[in-house]
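The values are calculated or read from the model by the stated rules, or taken from the named source; none is laboratory data. Being a predicted model, the structure only gives us computed values, none of them experimental. Cβ sites come from the backbone with ideal geometry, for glycine too, and all protein chains shown count toward neighbours. In case anyone asks, the SASA skips ligands and DNA or RNA and just uses the protein heavy atoms, side chains included. Shrake-Rupley method; radii C 1.70, N 1.55, O 1.52, S 1.80 Å.
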Amino acid sequence: MAQAGDGSWYAYFVAKDQASNAVVEGINFGINTTDTNAFTKSTDDVVYTGATEVVRQSKTLSDTETGFGLTFDKDTQWPAIQAFDFAVDGSVTITYSKGGNPQSIALTYLDDPDDYAGLTLDRDSYPPGADVHMTITSMSHNIDPTDEDSWTYETINGTAYYQYFDENGAPSRTTEGRINTDKLNFDDSGSFTIITDPNGKDVLEFTDTNRDQGDASNIGTNIVTILETQPNSGIFKTTDDADNSLIVIADDAKRGFTGTIDFADNPKSVPVRNYPGSLTMDVSGIGGTWNGGETINVTLDDGDLNLNSLVDQDIDITN
């Protein structure tokens, strides 16, 4: 462990086999160091140094640089990730021996990510032109525990790209970053596809938000970027900071047609619906006669005008 400027001690560790697979897939874990002066390690031990892609918001270390070997260089070797062999469903105990009063945390290394994956939508049906707010839960996609992870999908064939855009929507990679999620043991939670036009009728469309500002035309057309809501949460959304979604119902979508969003082999239907409208006038406070200049409350109930469930919308009515 290494001491940060806030006085606390920090360490980052990873399953050795999964980290090796991730490196092969192009996720940058830094340098697999052979420096035995900076780290106490045998030939078979694996320590990645300078792992700034998967630990993007590491703590700033104190000037004392305690915790590693004498030649440890915090400027070039931190953050460092130590790789271990974990048994599936096995217990991992981390103990801090504090002056005869040790403190321990017990962890379990799980190998069944589908048990922790899910997809929810903000409502059951949508009027034409509405935003479709989608929430994905997946700890498999939570690579970096210190920062919000971003995944971009080409949703026709389900091709995945890690950190194609950063959390601010800016291009993040100098290489394409295509990831074979099967190699990372994502199982079904690595699959994400969208059927936009059943029977040749457009239902779902993709729009620009501040989530993906760069050009992604080289990886496809039906592009969706999901961003983790906060570091280490494993909860991802298609909604940007302005409460706009990357996925919308087509303005000319027909009633009764249905798109499909399929994550983790768990498809969700996205039906188009037209809602009945009603107008009510509250006359209880005006007495027997509605006099000129006297105001009354009017309530308009029309689901077709509710185009964004996360936003209070204003409607201008003129005569």
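Table for the structure above
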| quantity | calculated |
| --- | --- |
| All strands (runs of 3 or more DSSP E) inside the range 117-197 with 2 or more residues being more than 30 Å from L305 (Cα to Cα) and out of contact with any Cys (no Cβ under 6 Å at 6 or more places or on another chain) | 150-154, 159-162 |
| Contacts under 7 angstrom Cβ, first residue in the range 74-99 being farther than 23 Å from T43 by Cα, partner assigned to a helix (DSSP H, G or I) and at pLDDT below 85, 6 or more apart | none |
| All positions within the range 93-116 that are assigned to a loop (DSSP other than H, G, I, E, B) and over 28 Å from G67 (Cβ atoms) | L110, D111, D112 |
| All positions within the range 266-287 that are modelled with pLDDT of 90 or more and among the β-branched types (V, I, T) | V270, V272, T280 |
| Flag for T280 being under 21 Å from E205 (Cα atoms), open to solvent by less than 80 Å² (accessible area, probe 1.4 Å) and out of contact with any Leu (no Cβ under 7 Å at 6 or more places or on another chain) | no |
| Candidate set from the range 163-199 (those that are hydroxyl-bearing (S, T, Y) and farther than 11 Å from T225 by Cβ); member that is surrounded by the fewest Cβ atoms within 10 Å (Cβ to Cβ) | T174 |
| Where a residue in the range 23-46 is among the aliphatic types (A, V, I, L, M) and its partner, wherever it lies, is part of a loop (DSSP other than H, G, I, E, B) and open to solvent by 30 Å² or more (accessible area, probe 1.4 Å), with Cβ under 6 Å and at least six apart | A38/F68; A38/T71 |
| Count - residues of the range 268-319 that are under 17 Å from V248 (Cα atoms) and in a loop (DSSP other than H, G, I, E, B) | 9 |
| Within the range 8-56, considering residues that are among the hydrophobic types (A, V, I, L, M, F, W, C) and in a loop (DSSP other than H, G, I, E, B), the one most open to solvent (accessible area, probe 1.4 Å) | A11 |
